[in-house]
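For reference, the structure discussed in these notes is given below.
The values are calculated or read from the model by the stated rules, or taken from the named source; none is laboratory data. These figures come from a predicted structure and were not determined experimentally. Note that we place each Cβ from the backbone using ideal geometry, even for glycine, and neighbour counts take in every protein chain shown. Keep in mind that these areas ignore ligands, DNA and RNA; they rest on the heavy atoms of the full protein, side chains included. Shrake-Rupley method; radii C 1.70, N 1.55, O 1.52, S 1.80 Å.
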Amino acid sequence: TEGDQYQSRAITPTSTINLLRIESEALIAHSSANNTMTLALFQDTTANAIAAISAINSGAGGIIAFHFPWIILSLTTSSTTFKTRVGGSTGATTTFNGASGVGLYNGVAGSSMRVMEIFT
């Protein structure tokens, strides 16, 4: 249950033996300095993350640009949803696509998530 959920993408794979490539791009800031920020990837309603990455912000409001690709076997032909959650190691304000609760670049900062099926 790492932090708050910010991204979600669903896909219905065509084969159980195909690979799924999940890519998350996220601009994150935290209001406390020297804070470890973690981006965790979840699938469906499973409680535990399937992968995670972390970085330390340089100062209060310092931006972290996460680029997080992950590849897994689809194992299903039913719809499945991937989600990212982000949180800090200390309690304070986390801002997605901005800092200190304000959007970056006049509100046009680009975070994204995509899921692609790779035919094997």
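Values for this structure:
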| read-out | value |
| --- | --- |
| Euclidean distance between Cα centres, the range 4-58 to the range 75-108, Å | 8 Å |
| Carbon + sulfur, % of accessible area of the chain - ligands and nucleic acids excluded, 1.4 Å | 52 percent |
| Dipole in debye (nearest 20) - the chain, about Cα centre, beta carbon charges: Lys, Arg +1; Asp, Glu -1 | 40 debye |
| Residue-normalised accessible area of the chain, given per residue in Å² at a 1.4 Å probe | 52 Å² |
| Sorted peptide list for 65-71, 30-36, criterion being average Cβ within 10 angstrom, highest first | 30-36, 65-71 |
| For the chain, the Rg and Dmax computed from alpha carbons only, in angstrom | 15.2, 45 |
| Simple label model, 7 Å out from Cα along Cβ direction - residue 44 to residue 109, nm | 3.3 nm |
